[in-house]
Structures are given as structure tokens and as C-alpha cells.
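The following block contains the structure, expressed as C-alpha cells.
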């Protein structure tokens, strides 16, 4: 309501301004017409006809919607509209005078034609003076204590941010200029803020307007376009921030509170997925959703996106109290009306997990809980099996018992031809879930993808910490490469896969082309305005236990096809491997097994045919192109 009242108040001010301009122009036209001689002025004629002329001016302005943009948005098109409104008003006035003379009306018929012509020019001039004064006051003189902001992108998002700054002084930001790569927008103004050219002119614009901050508001920009804009920002020595991508703006709402620092995910050399939020809403809205590992990187991002889609209840399960406490505080702050429940439950505790699902009866379970740190799991293979495999079996069987409709296993590319204990356990989790498909009405799907940028313990936070410490950045091997995906995008695709998947299907997220880790390190150094190997050294340390130079996203025997959805590939339901009896026996004997025996038993359970294990390529070569795989048609 306050925002609506502000809009109405602004419209009333605009109408009053138009009326004053009309009155000024009409009176000034008489004064000029009679050579500034007060004795010669027809005062009675002027006073009696003034209301009629002002009303016509206001009526034509309203008809051309001039009052909606006089004090708010001014572009070249708006100037043309104002010129048309003023001209139409003058023609109407002229017609009224001509008709009045024909009909012999005493006052209207006596208005000189010269007054109407002068009034036309003075009205246009008055309108221009108002715009110039508005633009100067809004864009050139920032109120004391507010930062001067240059916005990159004069589209809907940039305009929304600019208006929020103007209407909400508590943000302490003041927009002074736009830059935009659309040449049709150049030399115009929006809400009194000039559009000063393309993004390549950003350094000179920031210098001319003495900018304190640059905001990048182009959420649909490709990574290449984002890198280009950031390159221009780095030439300014002015701090810069970015509005999240469309993948992050789950509800589509643009707000200054969502502006953040540049992240390496913004520089990924791949287009973001076009996620179908409508189909996800059908799975989430007004339904009870449970996420295991809710305090982890993927689990917490799933929680954030689920919360925005208005579930009936959101249950977050984790055994780490600090991480679950942090995400609970964040979600409660942003969604105070959400029925949010956070539970400290270890997924390896079969009884507690079954009781939790039996009592809460969730409609869908997203199982993201897992130990994922490759070198650490090499040291304690028994713990990796107990948590990853045992936890998945417990969560899946508890879901069947509780009548859960949909169970989604979050897997990893390290499960394909694994070289590590962690990868082997995740592969066994996939086989366990596939075997459970036949045992109940729960719909089981698996989502397999590569590294998530910025997740806890991943390479990006490690590099960021090393950068803060002044270097060096450590890379295990200069040939090492990985698939990467932004965390919000990965979570969105997991939700979409859960919404559209059939039981027994495995979804593979199209990760684009793999990225060399050393290239990622160099990019992060440059992103901080530093020069690799000069300001920050990059050191090769050697491959750690369990690591591979490259990862794969599928087995050769897996015939994946397009799901018909952006960035979602699907492997149809596979034949069960009947590993459940052996897995249950393995878990029961696990406490008494030596680490070497655990490894041997683990690899026996996941063993594929020798020809598949011998191969090390990722996607079939006939289906891969640089940046995005070309898939077989589902038809």
C-alpha cells in the first residue's frame, strides 16, 4: 500500500506540473505577443480563457499518458510522445478558437492565433526544463552519504534496481548512470538517469560520474558476456557487484538484497540451464518435503529453493548441528511463515530415521547426505561405506515404509568407473536404489553430476582461502580437469529431475565441457585483479590418493537420451543387480572388517564387466561437442 500511495502521489504531482506548465506557457505567450506591455494586455480575456486552455493541455497529456513518465522515466520515445501531446493540444486549441470565431463567441474567438503558436513553443520548452532539472537533480547530485552507482544493463532488472534505490533511501545507494549494449537505448534516460552508451564505455562513464559502485544487472547474460563486463569493471578501480543469474532467481523477483559479489560461477564457460519452475512447483507446492544432509552445500541450496516454492512443510535432517542451525536461521529470516522443521538425525541410525519419516510422512525425499571428501574417505573406507551406503539404504527403506511418493538420490560423477572409496560407495548407492524400485510404490530416481562450484570442501573455497592468505594456490596436476556447475543451477535441476523422473531412471546433468583445474585457478587469480605466477604463484603438488585426472558422467553401457528438458539427460530404467542381500551382509559385518578388506568387498559389489572398467572416456565421443553434449533423441 505505501508503494501504491507513492505512485499516486507522484502522478498527482505530475498532473499539477503539467497544469502549471500550461498556465505559464499561455500567460507568457500573451506577454510576448503584446511586446511585454502590461497596459496592452487583454487581462480579462486571458484570465477567462486560461482555465479552458489549461484543461485542454492536461487532457491531451493524460490521453498520451504523459503524466505517467514526466517525473519517473524519460526516454527518447517519451520526448517524442510529449512533443505529440503538446502539438495535439495546440491543434485542439486552434480548432476551438476557429470554431468560436465562426460562432461569434466573444472571448474564445478573441484569442490571437499568435498566442496559440507561442504557447505551443513555450509549453515544449517548459516540459524540457522540468526534465532537465529532474535529470540533474536525480542523476548528478547524489544525496549526502549515499554511494553513486553506475548500473550495467538498462533492461527490466536494471530499471527495477534503480527505482528501488530512488524510492528506498535506507539502501544508501544513488543511481547516476546506465550503460547498455543495446544501441537503441543510448542517449535516452530512465527515471532521470541517463543511458551513457555501451558496456565498453564503462571505465569512462564511471570516471565521469565519479562512481562509488558498479552494479551488473544482466541476469540473462552468458558467461562470456559476464566475463567481458567484469573485464571492463576491473579497469575502473571501482568496486562492483552482480545481480544473480536467472537460475538463482527462482521466483523471478529482482531485489537489491540479492545483489552479491562476483563469484567464479559467473565466469563458467557454459550457458545456464533453463529450469522449468512450473513443473517443480507441482512437486513442491503445498506438499511436505524432506531433505537429508540439509545443512550441506547441496542440501541447503535445495532447502532455499524449496522454501521459495511454498511447500506445506519443509523438513531438514542432518547430524551436524552447526550447519543445520545456520540454514535454519537463514530460511526462517527470509520465510517467517514457512512450516520449517530441522532435526538432528544421523542417517545411519535406522530406527531414528524410520521414526522421523513415519511421523512426518513427507511426500518427497531428497537424499543429499553423504561423506564426499575423496582423500579423507581413503583413510576410513569403513566410515564411507557406513554413512554413504548404509545411510542411503536406511533413507530409501524408511521412505518405502512411510509411503513416500518420490525419493531422489543425489549422486556424483565419481561413481562412474570409480578410483576412490567415496566414488565406489556412491556407485553402490545407485545400485541399491535401483534394486529397491521393485519393492514398493515409492518412485526412485537418481541424479548424477560433477563438481558444484563453491560447495563445502571443494576446490573453489580452498582457492579462495589460499588467495586471502596471499598464495600460493595449490593444484595437484596441471592436466587435471573436472566438470563444474553452479550450485543454484545444480539444485534446480535436481528438483526438476525429481518432478519429471520415472522410477528407476538415472538423470545425468549436462555439465558442458570439463574445466582444467589450473585454468580455474588462473581465472580466480585474475578475478581478484591479480596476475597469475606474478602476484600469486600456482604450485603443482601431485595427485592425492583416490583422485583421477578426468571424471566421467556415464558408463559405456548406459544408453542415455535427451529428456526433452534443458541440461537433463536420462538413462532409462536399468535391470536390477540384486545387490541388496550382499549389501546388508556387508553392512552387518562392517565393524569387524579391516580397511583393506572393506575396499576389496566394496569393489566386488560394484564390479562391472571388464571392458567397461577398462575404458576411461566420459561421454561417448560421437555425442560430445565442446561446451554441450549432443544427445540421442528420446524418440
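Every number in this text was worked out from the coordinates using simple rules, so none of it is lab data. For clarity, every value in this text was computed on a predicted model and none was experimentally measured. For neighbour counting, all protein chains shown are included, and Cβ atoms are generated from backbone atoms with ideal geometry for every residue, glycine included.
Once label points are set 7 Å from the Cα along Cα→Cβ at both residue 105 and residue 208, what is their separation, rounded to one decimal in nm?
Simple spin-label model gives 4.9 nm for this pair.
Quick one: length gained pulling residue 220 to residue 187 fully straight, 0.36 nm per residue minus the C-alpha distance?
Additional length available on full extension: 9.6 nm.
Taking R0 as 22 Å, what's the FRET efficiency between residue 376 and residue 464 from their Cβ-Cβ distance, rounded to 0.05?
0.65
Continuing with the same structure: For a footprinting-style exposure proxy, rank 102, 584 by other Cβ within 10 Å, fewest first.
102, 584
What list do you get for 338, 243 if you sort them by fewest beta carbons within 10 Å?
Final ranking by Cβ density, sparse to dense: 338, 243.
Starting from the Cα-Cα distance between residue 330 and residue 476, subtract it from 0.36 nm times their residue separation and give me the gain in nm to one decimal.
49.0 nm
Still on this structure, please answer the following. Could you check the spin-label model distance between residue 237 and residue 201? Points 7 Å from the Cα along Cα→Cβ, value in nm.
2.3 nm
A follow-up question, please. Could you give me D for the stretch 365-420, from Stokes-Einstein at 25 °C and 0.890 mPa s, where the hydrodynamic radius is the Kirkwood radius over C-alpha pairs? Units µm² s⁻¹, please.
199 µm²/s
I've got another one for you. How far apart, in nm, are two points set 7 Å out from the Cα along the Cα-to-Cβ line at residue 346 and at residue 91?
About 8.4 nm separates the two model spin labels.
Please work out how much length the chain gains when fully extended from residue 278 to residue 541, using 0.36 nm per residue of separation minus the C-alpha to C-alpha distance, in nm with one decimal.
Taking 0.36 nm per residue and subtracting the Cα distance, the gain is 90.0 nm.
So, one more: Report the equivalent ellipsoid semi-axes for the stretch 420-467 in whole Å, largest first, defined as the square roots of five times the eigenvalues of the gyration tensor built from alpha carbon atoms.
Output for the stretch 420-467: semi-axes of 33, 12, 6 Å.
Within the stretch 419-458, list the residues whose amide N lies under 19 Å from a label point set 7 Å along Cα→Cβ of residue 584.
Label zone hits: 428-442.
Using Cα centres only, tell me the gap between the stretch 474-514 and the stretch 273-308 in whole Å.
First find each Cα centre; the distance between them is then 16 Å.
For residue 47 and residue 15, FRET efficiency with R0 = 25 Å and r from the beta-carbon atoms, rounded to 0.05?
Step by step, r from the Cβ atoms, then E = 0.70.
Would you mind ranking 310, 372, 426 so that the residue whose beta carbon has the fewest other beta carbons within 10 Å leads the list?
310, 372, 426
Kirkwood hydrodynamic radius (Cα pairs, Å) of the stretch 418-508?
After inverting the pairwise mean of 1/r, the radius is 15.7 Å.
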